[in-house]
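Colleague: My questions all concern the structure below.
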Amino acid sequence: MGFGEVRAELGLLDQQSLRSYLHDRFATLAPDVGMVEDRRKVLRATASGDALTAEQKLLERLRKWLRSGQLVEVLSGELRVELARAAPLGYGAVRAYGASESVTKALAELRFPSNADDLAYAVLVASRFGVGAGPSWRTAVEQALAARNPRAALALIEAQPQLQPADEQQRDRLRTQIKDIDTRLARARSLEAHDPEAALSEYQQIASYSDEQEFEEALQRCRPAAPSGARAASVAGLGRIVVVWSPSEARVGDITYRVLRGIGEAPSLAAGIPIGADAADNELADPDPPAGVPLFYSVFTVRNGRPSDAAATTATAVVITPDVTDLVLRGGEKAVEGTWRLPAGAVSVRVVRSTDGGRPVQVASGPTGFRDDGLEPEVTYLYRVQAEYRTPAGTTLLSDGVEAAGGTRARPRPVRDFVAGLEGSQLTVTWLPPARGSVEVRLFDHRPELREGDILSAVSVQSTGSGLTLEGPPGDGELRASLRSDGRQHWLVPFTVLDDLAAAGAPQRLDARLPPVRGLAAKRIGGDVVRLTWHWPGQAPEVLVGWKLGGAPGGPHDDAATFRRFTKSSYSQDGADVSLPFGEHTFLVCATAYLGGRQVYGPPTVVREGVRQRARYDVRRVGARFVGRWFFGRRRPLCLVVESLDGTAPPAVQLVGRATRAPLDPADGERIVTTQPAEEGDSLVTTEFDLARFRGARRPLILRAFPADGSLGSVELVPANPLNLEIR
Amino acid sequence: MARSLSCPFCWESIREQNLERRCPEECGLAEDPQLTAFLERPTGRAEMRPKSFKVSAAKGKGLCPHGRRAPQMQICPSCHNDLEHDYVRSAGRSRPIALIGASGSGKSVYVGVLVRELRTRVGSDFDGLAVEFVGDSSRSHYDKVFRVPLFEEGVTLRMTDSIRVNRRLEPLLFTLKFTSRQRRLRDRLDLAMMVFLDTSGEDVLRAEAMSRLARYLDAAAGIVLVVDPLQMPDVREAVTTTVYPQQATRQVDVVERLGALLRQQRGLGPDKRLDTPLAVLLSKIDTLEAILPDQSSLSRHAEHAGYYDEADGLLVDQEVRSWIHRWYGEGFVNSVDANFSTSRFFGMSALGTAPSTDRKVDRAGIRPRRVEDPLLWLLARFGMVRRGLKR
């Protein structure tokens, strides 16, 4: 509904405004609904014609406005329109109207501010700029300045018809600033020709407070200088190329470098392949350069995204020849196979095999593997694998090569020193772990048809005999198992399993009647005697002791070994001391008995002990006794005599002396003389010495010989006559 | 000519004619004050025995004063202990060897093992050397105190064992019987009577002149002093073993007191050295293996093949003297030399290996080392075995 209809109805009622109608009829600008209804009732009774109809309509509107609370807004709008009519007449006219009684009264009733000056100013602003029509021109000025556009800000101010004094001051400042900008732009322009960096610096300073279009144009015109000294080198083993350069002289703007790769020639901006993003540093790695081709690199300086016209280029080509990767060698019994991954660009592979001291041999190879047949078993070879590349010029390049050791597979070796002991249901098995492979022990109820050293497939071991019921995980060279005691004999066979083959050890018979010998120990007790001690095995009537120089006796019937039997009584009374020749001996000890009319043996236990090299020494006077002082004119000089007791060459010894006490070790006295080792075939060495340094020392002077430093612990020196070692 | 002998119990010197015998039990029992005093019985616990009478007072056919046949066993007139017939008969050739050593030094194990070694291995090397106990008492003494615990039960001897305590006053008597070295007397045996009395070093420190212990030591033809290296503080720090001693006696004090006691007993001045040969025996050398030098003579076994190896003995003597000097100081060796004109140092291990912490000997058996050396040295000095020097 427009207010024009209301104004027409008011005109029919001879009212200038709704405000005057309300004052006339209701004496207030805020009648209530009841007052409006009363008036309608009165109107029906007293009025007629158009006036009646017009007022009835007006009352109806009035009732709606009251109910919706819009009456105040309608009245204030009516008042604003009345005031705006006076605006073209100027501030004074508006103020005078606003100060009229009817207006001030209405403003008071409507609870609006009633200051005449404020009212006039507000009306004039609203009439000039409109109410709610967007930011003011001042806001636009501020926005232009914030966007570093002083020229736009000045234009806005100058477009206003009237300016406040403050606006005029701002206008003047902007005019000065723009003049300065123009001056600096002219100077920068003049610098471009001979000092573009200085020109850009000037542009940059201007741009800090005025966003001049010319700055962008200047950047386009003033390209950065190119870097210098570009070099490229491959990184050994990594298949990468690192490009380094000296920085550009360009200083202004955001300076970075763009590196381009080219094949066969230095790349241009248009043809080169960029290697990664522009770099801020002076180094960039080409992570994935193509292999086997000559590579050149160009480095451009980039300023604010605009590359330099020229570039620094690498002078020489770089060619990378990556090695094969994931090289794996697998040894067969008489062959070695190798596989690898061929790098991109490589066309073939060269494989060379070598051994210690042997001549290198080239091995036929495919691009991703080889098989080298006809090799010696259990030999380790060194294989060198080089990738081959073909350059565009047709030449062949080789990579540095990858080396790996691979050997033909070792055959499994039978287990040695395998000892099984059964006590009750407790089975204990020990062995000397083989150098290669694992050990699987199998149980048999009868003597197996196997001999030591038999080779069979590893798979077949599982179907041979039966497994043991282990008590805990087996150790390295030892396992414990429980074995049902059924009064029968059993056999155990140790298998050395290596890859897909297994070697049988010597079958070992188990007999609970002859338990193993435990606590076996051998100890050298001086001279050529070794003392053996052990825990007597259960109720065994005898123990057999066998020994052999070097390795263990092969069994109770080894002809090369020496054997002695001990009863419990003889062992208890006399022990088991055996005299041996010089050298390391291995002893085999087992229980033995006559059972069922034949000699049977318990599981053997072995131990090693050696007899040291032995030599006797003495101190004597030189020369025949009868010549004595007559010949020498003084006491005959002394000599140290060292004599072998076991046929070996006498060792080098040192003679040490100490006053009143026997020296216990070489450091317990003063060294007098050291003999040299005897020559081959000599069994006696004589060395003269004197005791001049002990003149005046307390007596007796007691001498002892000790092995020379290198042979301490390996030689036993026996004094021939201790009285000769006391010098009084 | 009337012979005299020393009672192996009270060590009083007795003329043979003064020996006594006892009446048979039919003659009745009476308090025996001498035996009661010897056995140190408390008051009111007197030993009751048949009465005694002098052998020379016996009536014809050995009848007692009551006219009854008296037992043949002779008794010491001083302490009234029984004297075995063989002891009395061979007392003139008796060579008592006194063995002393600090508590826990291993002297009892040493005796137990020595006797067995003499009866087995050493006996074989010495042309049938036989070892026989004198009387049932010594045999029983050896069996119960030494043989059964060591060789059957496999445990070492403890100072607090009740059997040892009860028998501490009883001497262990055994005779060594050698074939005579004189060709014309091949049918005759040379005898050496060995007397072992469990005597600790602490007893020596407490003993007074004229006491029973002083008489025992005075009567000894040779003395073996057992020295426990583990009672030397430096050694105890240097080795690891299961047999650390519970107490330590200053060995040098024992030597000095021993010398003073014997000089006093014999009426000698302090400027006189004793002529009784002294064997200083370093025990438990198996525990010293870690600190014995590479060329140690103690690590070698001795080869006394029918004679005492004098060269080996000299080497061991010099080495042990040096060893004690290094680990225990000069005082001990000097004290020995100052008190005894004849001494020699030895080393031995009676068991061969240290027992476990619960006193069990090694299951591999007892493997003694050099236990016979001191005895053979003394026997060689007595002229009972030959000695060899050159090797």
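The values are calculated or read from the model by the stated rules, or taken from the named source; none is laboratory data. Everything quoted here is computed from the prediction, not taken from an experiment. Cβ sites come from the backbone with ideal geometry, for glycine too, and all protein chains shown count toward neighbours. Side chains included, ligands, DNA and RNA excluded: accessible areas come from the protein's heavy atoms. Shrake-Rupley method; radii C 1.70, N 1.55, O 1.52, S 1.80 Å.
Colleague: I'd like the full set of residues that are outside any loop (DSSP other than H, G, I, E, B) and either more than 13 Å from chain A (Cβ to nearest Cβ) or over 18 Å from B:SER105 (Cβ atoms) (or both), limited to region B:345-361.
Modeller: Within region B:345-361, B:PHE346, B:LYS360 qualify.
Colleague: Please pick out the residue among B:ARG119, B:ARG89, B:ARG95 that is open to solvent by 20 Å² or more (accessible area, probe 1.4 Å) and touching a Leu at 6+ places or on another chain (Cβ under 8 Å).
Modeller: It is B:ARG95.
Colleague: Hey, which of the strands (runs of 3 or more DSSP E) in region B:169-244, taking only ones fully inside, have at least 1 residues that are β-branched (Val, Ile, Thr) and at pLDDT below 85?
Modeller: B:172-179, B:189-196
Colleague: For region A:509-528, which positions are open to solvent by 10 Å² or more (accessible area, probe 1.4 Å) and assigned to a strand (DSSP E or B)?
Modeller: A:ARG509, A:ARG518, A:GLY519, A:LEU520, A:ALA521, A:ALA522, A:LYS523, A:ARG524
Colleague: With open to solvent by less than 60 Å² (accessible area, probe 1.4 Å), more than 17 Å from A:SER20 (Cα to Cα) and at pLDDT below 80 as the only criterion, which of A:ALA51, A:ALA122 stands out?
Modeller: A:ALA122
Colleague: Just give me the residues in region B:273-290 being aliphatic (A, V, I, L, M), under 23 Å from the mean Cα position of the chain (by Cα) and away from every other protein chain (no Cβ under 13 Å), in sequence order.
Modeller: B:LEU274, B:LEU278, B:ALA279, B:VAL280, B:LEU281, B:LEU282
Colleague: Of these, B:ALA302, B:ALA364, which one is in contact with a Gly (Cβ under 6 Å, 6 or more places away or on another chain) and within 14 Å of chain A (Cβ to nearest Cβ)?
Modeller: Checking each option against the conditions leaves just B:ALA364.
Colleague: For region B:260-274, check the following and say yes or no: at least one residue is assigned to a helix (DSSP H, G or I), within 26 Å of B:ILE366 (Cβ to Cβ) and either open to solvent by less than 20 Å² (accessible area, probe 1.4 Å) or of a type in the set (Phe, Trp, Tyr) (or both).
Modeller: No, that holds for no residue.
Colleague: Oh, and also: Got a sec? Which of A:ALA560, A:ALA506 is open to solvent by 10 Å² or more (accessible area, probe 1.4 Å), closer than 30 Å to A:THR408 by Cα and not in a strand (DSSP E or B)?
Modeller: Only one candidate qualifies: A:ALA506.
Colleague: Farther than 25 Å from B:VAL316 by Cβ and more than 60 Å from the chain's Cα centre (by Cα): does that describe A:THR686?
Modeller: Against the criterion (farther than 25 Å from B:VAL316 by Cβ and more than 60 Å from the chain's Cα centre (by Cα)), A:THR686 qualifies.
Colleague: Tell me which strands (runs of 3 or more DSSP E) are completely within region A:354-403 and hold 1 or more residues being of a type in the set (D, E, K, R), touching a strand residue (DSSP E or B) at 6+ places or on another chain (Cβ under 9 Å) and open to solvent by 80 Å² or more (accessible area, probe 1.4 Å), or say none if there are none.
Modeller: A:369-372, A:380-390
Colleague: Within region B:14-32, track down each residue that is in a strand (DSSP E or B), touching a Ser or Thr at 6+ places or on another chain (Cβ under 9 Å) and surrounded by 13 or more Cβ atoms within 10 Å (Cβ to Cβ).
Modeller: B:ILE14, B:GLU20, B:ARG21, B:ARG22
Colleague: Still on this model: Among residues belonging to region A:430-451 that are assigned to a loop (DSSP other than H, G, I, E, B) and over 11 Å from A:THR496 (Cβ atoms), point out the one that is least open to solvent (accessible area, probe 1.4 Å).
Modeller: A:PRO448
Colleague: Then there is this: What residue, among those in region A:563-584 that are open to solvent by 60 Å² or more (accessible area, probe 1.4 Å) and small (Gly, Ala, Ser), is nearest to the chain's Cα centre (by Cα)?
Modeller: A:SER579
Colleague: I've got another one for you. If you take the residues in region A:560-586 that are facing another protein chain (nearest Cβ under 9 Å) and among the hydroxyl-bearing types (Ser, Thr, Tyr), which one is nearest to A:GLU609 (Cα to Cα)?
Modeller: That would be A:TYR571.
Colleague: Do we have any residue at all in region B:262-270 that's within 12 Å of another protein chain (Cβ to nearest Cβ) and hydrophobic (A, V, I, L, M, F, W, C)?
Modeller: Looking for residues that are within 12 Å of another protein chain (Cβ to nearest Cβ) and hydrophobic (A, V, I, L, M, F, W, C), one finds none in region B:262-270, hence no.
Colleague: Continuing with the same structure: What single numbered condition from (1) within 14 Å of chain A (Cβ to nearest Cβ); (2) not in a helix (DSSP H, G or I) fails to hold for B:LEU118?
Modeller: (2)
Colleague: What's the total number of residues in region A:594-612 that are under 21 Å from A:THR567 (Cα atoms), open to solvent by 10 Å² or more (accessible area, probe 1.4 Å) and assigned to a strand (DSSP E or B)?
Modeller: 8
Colleague: Out of B:SER103, B:SER124, report the one residue that is at pLDDT below 85, of a type in the set (S, T, N, Q) and open to solvent by 60 Å² or more (accessible area, probe 1.4 Å).
Modeller: Answer to the check: B:SER124.
Colleague: Further question on the same structure: What do you reckon, is B:TRP323 aromatic (Phe, Trp, Tyr) and within 9 Å of chain A (Cβ to nearest Cβ)?
Modeller: yes
Colleague: What number goes with the only condition from (1) at the interface with chain A (Cβ under 9 Å from one of its Cβ atoms); (2) outside any loop (DSSP other than H, G, I, E, B) that B:PRO293 does not pass?
Modeller: (2)
Colleague: Now, a different point. Might you check whether a residue that is part of a strand (DSSP E or B) and not small (Gly, Ala, Ser) occurs anywhere in region A:481-488?
Modeller: There is no residue in region A:481-488 that is part of a strand (DSSP E or B) and not small (Gly, Ala, Ser).
Colleague: While we're on this one: Under 39 Å from the mean Cα position of the chain (by Cα), at pLDDT 90 or above and surrounded by fewer than 17 Cβ atoms within 10 Å (Cβ to Cβ), is that true of A:GLY262?
Modeller: No.
Colleague: List the residue pairs whose Cβ atoms are under 8 Å apart, where the first residue sits in region A:406-430 and is closer than 14 Å to A:CYS590 by Cα, the second is open to solvent by less than 50 Å² (accessible area, probe 1.4 Å) and of a type in the set (Phe, Trp, Tyr), and the two are 6 or more positions apart or on different chains.
Modeller: Every condition considered, the pairs that remain are A:ASP417/A:TRP431; A:PHE418/A:TRP431; A:VAL419/A:TRP431.
Colleague: A further question on this structure: Based on this model, can you work out whether A:THR533 counts as β-branched (Val, Ile, Thr), crowded, with 16+ Cβ neighbours inside 10 Å, assigned to a strand (DSSP E or B) and away from chain B (no Cβ under 14 Å)?
Modeller: no
Colleague: Quick one: in region B:367-391, of everything that is aliphatic (A, V, I, L, M) and under 22 Å from the mean Cα position of the chain (by Cα), which residue is farthest from the other protein chains (Cβ to nearest Cβ)?
Modeller: B:MET384
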